[in-house]
Amino acid sequence: MVPVMARPYVVIGPYEYTKTDARRTLQALAEIYSHHAWNSTDAAHNTDLRERLGSLAQMLDPTISYPADSLDQVAHHLDKNFASYAPDALARFLESLWPILRTADNSRLTGTGSVHTLQANGGGVPKPQIDLANITFAGVDGDVQASRNHHGRPWQALCIWSREVIDAFRANGDPITYGSAGENITVQDLNWASALPGKTMRIGEVVCQITAFAIPCSQNKSWFTDGDYRKMSHERGDTSRLYAMVHTPGVIKPGDEVQLFG
């Protein structure tokens, strides 16, 4: 049975957050920051980003003791007090969050590649290949996430992965293929190590912002001969899938050019 989308709790232009979406975004604040600072050697940038996120959290809740508290503590406070935040206040927070996290120099082209395959289905993995993807602000038209607790927020509208990463796993004997791990878009010939949260991608007609590494779960253990699905984690190398938020909808087809900015 196809999961039914809950009513939106917060609406920001074309983006719709359910109450769970909004709350889990607040819960993930420190983790989202860590993804954007993961490969950055610019300590001043990381400090500035952390300060801006702390200030944004204080705008939502003036009782937060930041910078005395860490972002982990701030996220815990936001989660604990979620019920006290009005939808309008949450909307202002969420609307401001992603521009803060966007890489400042998104006019600089840092890499190119192309679309290898596209995948979508009514829920679960693996996702079968499709010939064409109509991308909306919510993601691939007709694609559904079986678990709404962990997927499907506006900043997880697209899941993108690298053909070369998948092929390397296959070469080692792992029975994984394109779409096995639930990615919507498999790209090729792009330096995957340079595709990081905060950067912008243009994929065919679509423009999106990379928002986070996709954390692997046990649903993917069958794609690895030893069951070690954590091989897909960004903590183990440049092998992670990426989540992205759609800024410009459009149509994507295999062979379309992929451009990375940031």
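The values are calculated or read from the model by the stated rules, or taken from the named source; none is laboratory data. Small disclaimer: the values here were computed from a predicted structure and weren't measured. Note: ideal-geometry Cβ built from the backbone for every residue, glycine included; neighbour counts use all protein chains shown.
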**Residue among Q27, Q58 that alone is among the polar types (S, T, N, Q) and in contact with a helix residue (DSSP H, G or I) (Cβ under 6 Å, 6 or more places away or on another chain)** = Q27
**Item:** Enumeration of residues in region 237-258 that are out of contact with any helix residue (DSSP H, G or I) (no Cβ under 6 Å at 6 or more places or on another chain) and either assigned to a helix (DSSP H, G or I) or buried (at least 16 other Cβ atoms within 10 Å of the Cβ) (or both)
**Value:** R241, L242, A244, V246, H247, P249, G250, I252, P254, D256, V258
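Rundown of residues vs (1) in a loop (DSSP other than H, G, I, E, B); (2) buried (at least 17 other Cβ atoms within 10 Å of the Cβ), yes/no style:
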site: L78; (1), (2): no, yes
site: D88; (1), (2): no, no
site: A91; (1), (2): no, yes
site: E95; (1), (2): no, no
site: D105; (1), (2): yes, no
site: G111; (1), (2): no, yes
**Message:** Given the options N191, N220, name the one that is polar (S, T, N, Q), surrounded by fewer than 20 Cβ atoms within 10 Å (Cβ to Cβ) and touching a residue at least 60 places away in the same chain (Cβ under 8 Å).
**Reply:** N191
**Asked** Within the group S96, S84, S34, which residue is touching a helix residue (DSSP H, G or I) at 6+ places or on another chain (Cβ under 8 Å) and either assigned by TED's automatic domain parsing to the domain that holds M245 or among the hydroxyl-bearing types (S, T, Y) (or both)?
**Response** S96
**Test: F213 is in contact with a Phe, Trp or Tyr (Cβ under 9 Å, 6 or more places away or on another chain) and over 29 Å from E16 (Cα atoms)** = no
**Message:** Could you tell me how many of the residues in region 160-215 are in a loop (DSSP other than H, G, I, E, B) and of a type in the set (D, E)?
**Reply:** 4
